[in-house]
1. Are any residues in the stretch 77-120 under 11 Å from the mean Cα position of the chain (by Cα) and either among the hydrophobic types (A, V, I, L, M, F, W, C) or modelled with pLDDT under 95 (or both), and if so, which ones?
2. Name the pairs: first residue in the stretch 38-64 and more than 16 Å from ALA80 (Cβ to Cβ), second residue assigned to a helix (DSSP H, G or I) and modelled with pLDDT of 95 or more, Cβ to Cβ under 6 Å, at least 6 apart or on different chains?
3. Suppose we keep only residues that are assigned to a loop (DSSP other than H, G, I, E, B) and in contact (Cβ under 8 Å) with a residue 40 or more places away in the chain within the stretch 95-127. Which one would you say is surrounded by the most Cβ atoms within 10 Å (Cβ to Cβ)?
4. Scan the stretch 29-66 for residues that are closer than 19 Å to ILE141 by Cβ and touching a helix residue (DSSP H, G or I) at 6+ places or on another chain (Cβ under 6 Å) and jot them down.
5. Give me a count of the residues in the stretch 47-61 that are outside any helix (DSSP H, G or I), surrounded by fewer than 18 Cβ atoms within 10 Å (Cβ to Cβ) and in contact with a strand residue (DSSP E or B) (Cβ under 9 Å, 6 or more places away or on another chain).
6. Consider the stretch 53-72. How many of its residues are within 19 Å of the chain's Cα centre (by Cα), within 18 Å of GLY145 (Cβ to Cβ) and not hydrophobic (A, V, I, L, M, F, W, C)?
Amino acid sequence: MRRFLSVSLSMLLIATSLLASHASAAGEHEELVRQVMQTETAFAKTMEARDHKAFAEFLAEESIFFSGKKVLHGKQEVAAAWKRFYEGPAAPFSWAPETVEVLDSGKLALSSGPVRDPQGKLVATFTSIWRQESPGVWRIIFDKGNDVCDCAKP
């Protein structure tokens with residue numbers, strides 16, 4: 001009986017340890033999702049604030065942005081091409097993350113959501129890939145927008 005209790009207690013301790021480990025991993029994953037959501041939100045606020053310099057700080061050195069049929073390579077090219085969107089007193093569009101997913105490794109994340117015109121009309125969606133460059137520091141490495149389909153038109 002004593003051996004049975006000892007084995008049972010050992011199994012209970014192992015199960016508790018596994019559950020605690022799973023809960024810890026889930027908590028870490030939720031924290032990474034929160035970080036990317038906050039990073040994408042701060043990135044989007046650079047447009048509202050008309051702060052092109054802050055926009056560029058979110059770009060990884062090897063960023064790739066799809067811009068229509070053209071592909072922009074590298075932080076400098078992306079920043080230069082996007083500078084026109086930061087000129088003038090009003091933002092030409094805004095975006096906000098709705099979905100964030102992070103790899104179990106915590107190294108890459110995807111964010112996506114709507115892009116709206118100045119009147120708030122949905123005009124596109126975006127998908128961005130983020131890389132964690134150091135703990136809590138995320139930089140965008142890929143970005144692609146897609147026009148919204150007006151399916152009501154024949």
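1. Correct list: ALA96, VAL100, VAL102, LEU108, ALA109, LEU110.
2. Pairs found: ARG50/TYR86.
3. By that ranking, first place goes to PRO97.
4. If the condition is that a residue be closer than 19 Å to ILE141 by Cβ and touching a helix residue (DSSP H, G or I) at 6+ places or on another chain (Cβ under 6 Å), then THR46, ALA54, PHE55, ALA56, PHE58, LEU59, GLU61, SER63, PHE65 are the ones that fit.
5. 1
6. Going through the stretch 53-72 one residue at a time, the tally reaches 2.
The values are calculated or read from the model by the stated rules, or taken from the named source; none is laboratory data. Just so it is clear, the structure is predicted and the values come from calculations on it, not from any experiment. Note that we place each Cβ from the backbone using ideal geometry, even for glycine, and neighbour counts take in every protein chain shown.
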